[in-house]
1. Which listed residue (ALA191, ASN893, ASN855) has the Cα farthest towards the positive end of the charge dipole for the chain, taking +1 on Lys and Arg C-beta and -1 on Asp and Glu C-beta about the Cα centre?
2. Spelling out what I want: for every residue of region 151-158, take phi, set θ = phi - 60°, compute 6.51 cos²θ - 1.76 cosθ + 1.60 (Karplus), and round to whole Hz; glycine and proline get x.
3. With the convex hull built on the Cα atoms of region 20-116, state its orientation-averaged projected area in nm².
4. Beyond 18 Å between alpha-carbons counts as too far, so tell me which of LYS513/LYS543; LYS257/LYS395; LYS166/LYS380; LYS842/LYS883; LYS197/LYS322 fall in that bin.
5. Can you list residues from other chains, or at least 5 along the same chain, whose modelled amide H is less than 5 Å from the amide H of ASN38?
6. Taking only DSSP H segments of four or more residues, each worth -39500 (n - 2.57), what value at 222 nm results for the chain once the sum is divided by all its residues, to the nearest 500 deg cm²/dmol?
7. With 28 Å as the limit, write out which pairs from LYS206/LYS528; LYS160/LYS800; LYS633/LYS696; LYS272/LYS433; LYS85/LYS800 have Cα-Cα distances beyond it, or answer none.
8. Could I have the simple spin-label model distance between ASP378 and THR818, label points 7 Å from Cα toward Cβ, reported in nm to one decimal?
Amino acid sequence: MRFLIGCLLFFMFVHPTLSQTKIYGSVVDTLSNRALRNATVSIYQEGVGAVQKVTLTDLFGKFTVDQLNHNMMYRAEFSYQGYQKLIKEFSLDKDQQLDFGRLHLERQINEIEEVTMLPPVRMKGDTIEFNADAFQLDTNAVVEDLIHKLPGIIVWGDGKITYNGKEVPSILINGKEFFGSDKSIGLRNIAKDAVQKVQVYDNRTKQEQREKPLDASYEMNVVLKGEKEKMLFGNITVGAGTDKRYENYLNLNYADKRTQSSLAYANNNANKNLNSLDQLLKNTTYKGVGINADYHSDFSRPGINRQHVLAARYQHDFLATKETDLKNIITANVFSNWDREDMTNTSNTLVSGNNGEHTNQRSYHSLDVTNNQAIQGDIKYELTQEINGRHTRIKSTLSLLTSEQDGQSSSETDYDYSNNQSRSIRQEQQYQKRQSVTFTFSANWGVKNLGYIQERNKKQRVLDRLKYGLDWRASLNENDSQQNSNAQIENRLNPDADQYIDRSYNNDYRMNKQQLIFTVANRKDRFKIINAVDFNYSDTDQKVSDIDGNTEMNNTALTHASKLKQSLYTPKIEYSYRIFERDYTGRLSEYLAFNPSLALRLLNRTNSSSLGYRNIKQRFVSHLPKLEVEYRKNRYGTYFFTSTLGFQRSEDFPTIDQLQPIYDDINPAYRYFGNPNLSKTEKQTWMGRLQFEEHKTYALRVNINAMYNTLSSGIRDSIVFAPGQQQVFSVNMAQDMYDFNTSVNVSKPFVIKKDQTFTIEINASSYRSKNYQYIDEELQKLAPMSQDINFITYYTNGSKYQLSLKGGYNQYDSRNLTAANYSFSSVEYYTAFGMACALTKKMKIGSDINGRFINSNKFRDDLAIWNANVSHRFTKGNNLEAKLALYDILKQNKGMYVRNGTVELTTGHRNSLRQFFQLSLAYYPRKFGL
């Protein structure tokens, strides 16, 4: 850890600079001597048409261009809209810093004389535009390769993109999402030669920008050339390997000015879990496979999964405009999958018992086979435009899901407790069918735009000065299931207590949920009123039968019909009072605010059941105040800092199953009783947050969060080791309990030299708690704690190669302060190294190795999983690829695991993916400008 901290401090404060060669100066207007902000400074190498370096002047017209090669002739072009271009030629000696002084640009005499060729970078209003043709790249380059070259923009090793230190979370193509919401799909598939320009802008409304000019929320838009908008791209892959492993993909994607459509199929038996069409397109199309792929064989996943997926998408743009603030788009998605999972599990669990020693334990062995089939689809509509003078955003989604699951399992559990010496053998078969329909609607109307003069008019209507939001969510779920279970229980202490149970279950479940939220806020969100209404209705009809020979008898203890009705109304008022505030346009924004809010929660819950003891009515009224003090400072072009300290009070209520649970005696070794006399839990929360971000290309970012919770009358389990059975009761603890959570995130990129960057990110978190639990009526004081420290570093050299190093440490300690010999502890270390290297324009190699070490009581395990691959692309466009992949080369994966609990520690192993080698052949159809 000291080494890690030392490395961080070194890279933060001792910035590695390999060359001090640079030029600097300022650009001003000839007549007025006024500084020209955002003038373009372009550096060209002699004899090379593509720009080498480019930057914009700052607020004071100043510029700096560094890391230039010495003893080389350069041409510097200084341009600004409406002014004549100025050209300077120069060369530099080693480590020379050349001062150009004040450079005067002359105005154009008339528009005819204006140069028609666009500069590499220019400001157009509030949008910065990069001219794609000014940056020369390989003929097979994609948009992501272009972005690596753009000044002010950093592509991090994990795929995150920042502009002047601030993240750009959304990237659009021609003003709309490109084949889903994952930004990497467009960046890694669209050819650079198809791009006209790249725009970066603040995507907030004009009103929001005027009110908070320094709180930019960046978005990127890639504008395609008109003749390149019609395109076709995709992937066809066939792969086979040892141990009968296989994986196959097919996806074809077509787009034009108005539409986007995709069709995809995938299957594998190598624990590659596909959850969406976006995930498949991100990882399998032209440059989708890389060091950060999230669709790969999962060697940590238990069991072996076989999966088939068929998916499709269609999107239509009614406006077909490249404007980013106007949308009228409908999108339809269908995703279906067929999975089969085989899993075996063997484990041993140590249990804190009534003798104060870890002699209580149980062993478990199971075999499960599960088949899943699911089809899910949705239709989304999005509208963004100005309606009746208000900026309006409307989004609605209709989602459908139908799924079926069937499976069979067998398990054996041996109990070696001081109060229980027994064995349970169970066989189960189950079938479940689920159907659901969900509709969501969201609408936001901004403040009415009446023009500057009318906005200053004090007689303006109050309703015009407010903005509104409406959110509605409705869902209907049906779940029908059948299950047959038989259990053989052998009691080694009392053979007369042996049992055999053969039981069938038939359960029909219906649920209807509605939520409506209406929000009214003033122009600057200083005052907000929120009204939230939730309705929840569920209907359960469960029939349970016991089979004795050929006789089937109704189990009256488990058969029941129940109806649960719940309504929740939560009105809330939020207010922000600025204790002091100052704002110097373009330079500084700062304020100290007091932000109180008050919410009222009205909960009504009624459960009607054929089991009389579960007829329950609950009514709760809660006051939920929140107080917050916030300090914020934003210095333009330098840094952003915010700190918050707050307090919040809330309440939690016992559920029906905590009050009156239903007991199924098919597992007689364990019984949960609940407690019908439980009352609510009161929770008080203190929160603190610090955030710091530099406003520059290679920005330091720091986030610190802390939360302290205290519980009064908290609900906890009380464990009793009765003869032959572990019993659990829920109780409200009279003793106050607390937990304390902290987290720290630090990230920083560095430029080493041209096209080479190094990024590091460190995440640390800590959890500490004090709570109580009864074990055999003896009060135990517990103080569980855990610490996590993780780091990740990336080194990239353009598109040539990338290295990553990850590491982490986790410690968990259950810590029983009443009886130390009840405690459990575990420590886990992990490290992972990955690399991807382009040996040539055609050949690439990649490798990763993941190491893990676990130490928990007497259990120890360590392993290293090493994977490697080599690929070669053929044809002029690199469209055909052959790839050899080697997985788990050291053959060390054993499927070991540890699961910690407050009074239990489980260690075991499950079947998992083992070593295999695979050869695949992929073809990438790509055509831009059909």
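Every read-out reported here was derived from the displayed coordinates using simple, explicitly stated rules and does not represent laboratory data. Note that the structure is a prediction, hence the values are computed from the model and not measured. Note: ideal-geometry Cβ built from the backbone for every residue, glycine included; neighbour counts use all protein chains shown.
1. Toward the positive end, the furthest listed residue is ALA191.
2. These are the phi-based 3J(HN,Hα) values: x, x, 10, 10, 9, 6, x, 8 Hz.
3. Working: hull surface 24.9 nm².
About 6.2 nm², averaged over all directions.
4. Working: LYS513/LYS543 24 Å; LYS257/LYS395 22 Å; LYS166/LYS380 30 Å; LYS842/LYS883 12 Å; LYS197/LYS322 12 Å.
In this structure, LYS513/LYS543; LYS257/LYS395; LYS166/LYS380 exceed 18 Å between Cα atoms.
5. For ASN38, the qualifying residues are THR57, ASP58, GLY61.
6. Values: 7 runs with 45 residues, N = 930.
-1000 deg cm²/dmol, from helical runs alone.
7. Values: LYS206/LYS528 21 Å; LYS160/LYS800 18 Å; LYS633/LYS696 16 Å; LYS272/LYS433 25 Å; LYS85/LYS800 35 Å.
Those over the limit are LYS85/LYS800.
8. 4.7
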